[in-house]
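What follows is a short report on a single structure.
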Amino acid sequence: MKNFIVILFTLLIFFQNAKATDTNSVKYFPLKAGNMYKYLNYHYMGVYDTIYSKITKDTLINGIKYFYFYMFPYITDGWIRVDSVSGNIYKIASGGCNWHPTELLIDSLNANINNKINKCDLNDSNKYCDAISNLTLFGIQTQIKSFYETIPSIPYSSAKQNKYARNFGLYYSYFSSYHYWSIVNLIGCMINGVRYGNTYGLTGINDLTNRIVTQFILYQNYPNPFNPITKISYELPKDSKVSLIIYDILGKEIRRLVDNEFKQAGIYSIDFNEPSLASGIYFYRITAFNFRGENNFEQVKKMIYIK
């Protein structure tokens, strides 16, 4: 009888621990080269823009499999992995912890409600799993995990929230700071070759360099707000001499990302990284000239840097 009680107690502990973690946590972000996502990004001033994201390739780094993420909300560009044991999402980057100095912890998909996401095994984390609930996404019943984070280093009650849908991945991201906020929602995707929702335009990101450009376009930088890196993209329908310059709110030139350089018609992206900037509003301005020196295109957009 005594042995039976011990066995029963052991089994009870086992099942409680099993319930405390989600052994299928990796399903909240299916990783496969070729998976594509279409997001609608809505800004506080009523501005909409579409974000096309893709897992472009995979590789082994130090024996660990990583996937390259292109233009993902919150995650942006970079090599990503999801640990199959812990459910942690890691991104290769400097500034990690002592036990993973070359990786940054993004979220932990194994978490349960109220579990803290301790980036460096500390107890003072400001991020936690705030909800697990059911959702009908593209007509399919699924489950979501939500992660909420306050940002004490940024004033005015700044916060972030990410939501992951089982078998789909990141489907919602929110950021707020003072009067600024942005919401990103998944409106379509292609997972493991199967299309869901509004996938118009997704096939165009299979090979961006081969897409025919028909007009001048300066895209909104992403991410925005940013710290300290953001990506600025533009399109040229014909060969041009291009300048792309960053200014502060007083009109002072901060940096010339492109300085009157000859560019063939096509699609271009460039990273802006200026960690010494003060928090505030900045502008980027593009001008494109033809060979006769005629100004064919000029546009200015605003971006926000927050430390």
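Only residues that are loosely packed, with under 11 Cβ neighbours inside 10 Å and in contact with a Pro (Cβ under 8 Å, 6 or more places away or on another chain): list them for the range 274-307, please. The answer is Pro275, and nothing else.
Does Ser243 satisfy the condition of being modelled with pLDDT under 90 and either small (Gly, Ala, Ser) or surrounded by 14 or more Cβ atoms within 10 Å (Cβ to Cβ) (or both)? Here the answer is no, as Ser243 does not meet what is asked. Selection within the range 57-103: residues that are out of contact with any strand residue (DSSP E or B) (no Cβ under 9 Å at 6 or more places or on another chain) and in contact (Cβ under 8 Å) with a residue 12 or more places away in the chain. The member of this set that is nearest to Met36 (Cα to Cα) is Ser84. The residues of the range 57-88 that are at pLDDT 90 or above, of a type in the set (Ser, Thr, Tyr) and surrounded by 16 or more Cβ atoms within 10 Å (Cβ to Cβ), listed by number, are Tyr66, Tyr68. Quick check on the range 258-273: of everything there that is more than 10 Å from Tyr234 (Cβ to Cβ) and at pLDDT 85 or above, which residue is surrounded by the most Cβ atoms within 10 Å (Cβ to Cβ)? Per the criteria, the residue is Phe272. For Ile270, the requirement of being in a strand (DSSP E or B), under 21 Å from the mean Cα position of the chain (by Cα) and either β-branched (Val, Ile, Thr) or more than 24 Å from Thr76 (Cβ to Cβ) (or both) is met.
Note on the range 170-213: among residues that are assigned to a helix (DSSP H, G or I) and at pLDDT below 70, the one that is farthest from Cys129 (Cα to Cα) is Asn210.
The values are calculated or read from the model by the stated rules, or taken from the named source; none is laboratory data. The model shown is predicted, which means the values in this text are computed figures rather than measured ones. Counting neighbours? That spans all protein chains shown, and the Cβs are built from the backbone with ideal geometry, glycine included.
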